[in-house]
Amino acid sequence: MKIYSGSSNPDLASKLASELGIELGEVELSKFPNGEKRVVIKDKKVGKQAILLQSLSMPADEMIVEMALLSDALTRMGVTELIGVVPWLGYAKQDKVFQTGEPLSVKVVARLLQVAKLSKLVTFDLHNRAIVGFFEIPVIELSAKSKFVQYFGEKLDRENTIVVAPDAGAVKNSTEFANDLGVQVVYMDKKRDLVTGEVEVRGISGSVEGKRIIIIDDNLVTGSTLIETAKELGRAGAKSVRVGVTHHTYVPGTQEKIDKCIEIDELVVTDTIQGPSISVSSVDSVSSVGKKVRRKLKILSVAKLLAEELRGGNG
């Protein structure tokens, strides 16, 4: 068995291959002059089993087409058991028809991914568990929660730490996370305008004054809601705010905004989505106004979690 990678997350594919002790397959990815994707499996022989890893990150539409083409190429070469590893399932936030005239986008994407025969799909922290029902193949949803429990649990001041659920939809996961850490949980009452996307913070269910705050969420897009949440917690007297997010989509400008937000002390993410090629380690950078800004980004790898699932699923 080999791992074949699209262009979205080759670093994670390499780490996963190392964890499993198997080789990366050779893939040639390019574009025709008219912009169409061109993929070629360069290995002369492939086995009956293979793993195809592709996060549906920006540009999501290209990554979806690329994965479908790679899937078809591998099955045409004789792969009969193709495991799709999609650490970040793009379009996952478009899991409902919010207003008349909209498609059920993530269901459409689920169908597109199954054009070529995948045996099963492995992913992380879906925005909505109901998305699993849009697939006709087995879907294994892993969670990065254990990575965050381990990371935030080190040197934890339990008496003065509170987990904050950023909205009603996050209450269940935030409560479970707080129980794992052995700390209290409170939630924020927010209302989102489904047309404009603007969020109004109405209140907090408990006091956060003088407390160290941890926020857990499944994905980060523009960061605007997170920043407003952190500012509200700061106004309520929180001592510090640390954030754990499984999927950082790296929308241009998002990390820069978070770096400049004085209320956010740290952002911890996983490598389900590969970040920009520039260094994302904790280094000082200079903002447009000449002030030094400490990068707050910490990246945890999910390669071991993936390897454990794939190893267990394949004997």
Residue check for THR249: modelled with pLDDT of 95 or more and in contact with a strand residue (DSSP E or B) (Cβ under 7 Å, 6 or more places away or on another chain): yes
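Yes/no matrix, rows are residues, columns are (1) over 30 Å from GLY210 (Cα atoms); (2) of a type in the set (A, V, I, L, M, F, W, C):
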site	(1), (2)
ALA68	yes, yes
THR80	yes, no
VAL108	yes, yes
GLU141	yes, no
LYS147	no, no
Of those in segment 1-51 that are touching a residue at least 40 places away in the same chain (Cβ under 8 Å) and in a loop (DSSP other than H, G, I, E, B), the residue nearest to THR272 (Cα to Cα) is ASN9
GLY90 vs (1) under 30 Å from GLY234 (Cβ atoms); (2) open to solvent by less than 10 Å² (accessible area, probe 1.4 Å): all pass except (1)
Of ARG202, ARG242, which residue is modelled with pLDDT under 95, charged (D, E, K, R) and in a strand (DSSP E or B)? ARG202
It is to be established whether one or more residues within segment 79-100 are closer than 20 Å to THR272 by Cα, assigned to a strand (DSSP E or B), at pLDDT 95 or above and not aliphatic (A, V, I, L, M). yes
How many residues does segment 101-150 hold that are assigned to a helix (DSSP H, G or I), open to solvent by 30 Å² or more (accessible area, probe 1.4 Å) and farther than 22 Å from LYS304 by Cα? 9
Only one of these conditions is not met by LYS48: (1) within 22 Å of ILE140 (Cβ to Cβ); (2) under 26 Å from the mean Cα position of the chain (by Cα); (3) of a type in the set (D, E, K, R). Which number is it? (2)
List pairs: first residue in segment 222-243 and over 22 Å from ALA144 (Cα atoms) and of a type outside the set (Val, Ile, Thr), second residue in a strand (DSSP E or B) and open to solvent by 30 Å² or more (accessible area, probe 1.4 Å) anywhere in the structure, Cβ distance under 7 angstrom, at least six positions apart or on different chains. GLU228/VAL199; GLU228/VAL201; GLU232/VAL201; ALA236/ILE204; LYS239/ARG212; SER240/ARG212
The lone condition THR196 fails out of (1) surrounded by fewer than 19 Cβ atoms within 10 Å (Cβ to Cβ); (2) at pLDDT 90 or above; (3) β-branched (Val, Ile, Thr) is (2)
Close pairs from segment 161-188: first more than 15 Å from GLY206 (Cβ to Cβ), partner among the aliphatic types (A, V, I, L, M), Cβ under 6 Å, at least 6 apart: PHE177/VAL163; PHE177/ILE216; ASP180/VAL149
Residues of segment 151-161 being over 18 Å from the mean Cα position of the chain (by Cα) and surrounded by fewer than 20 Cβ atoms within 10 Å (Cβ to Cβ), which ones? GLY153, GLU154, LYS155, LEU156, ASP157, ARG158, GLU159, ASN160
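The values are calculated or read from the model by the stated rules, or taken from the named source; none is laboratory data. In this text, all values refer to a predicted model and were calculated from it rather than measured experimentally. Backbone-built Cβ (ideal geometry, glycine too); neighbour counts: all protein chains shown. Quick note on the areas: whole protein, heavy atoms, side chains included, nothing else; ligands and nucleic acids left out. Shrake-Rupley method; radii C 1.70, N 1.55, O 1.52, S 1.80 Å.
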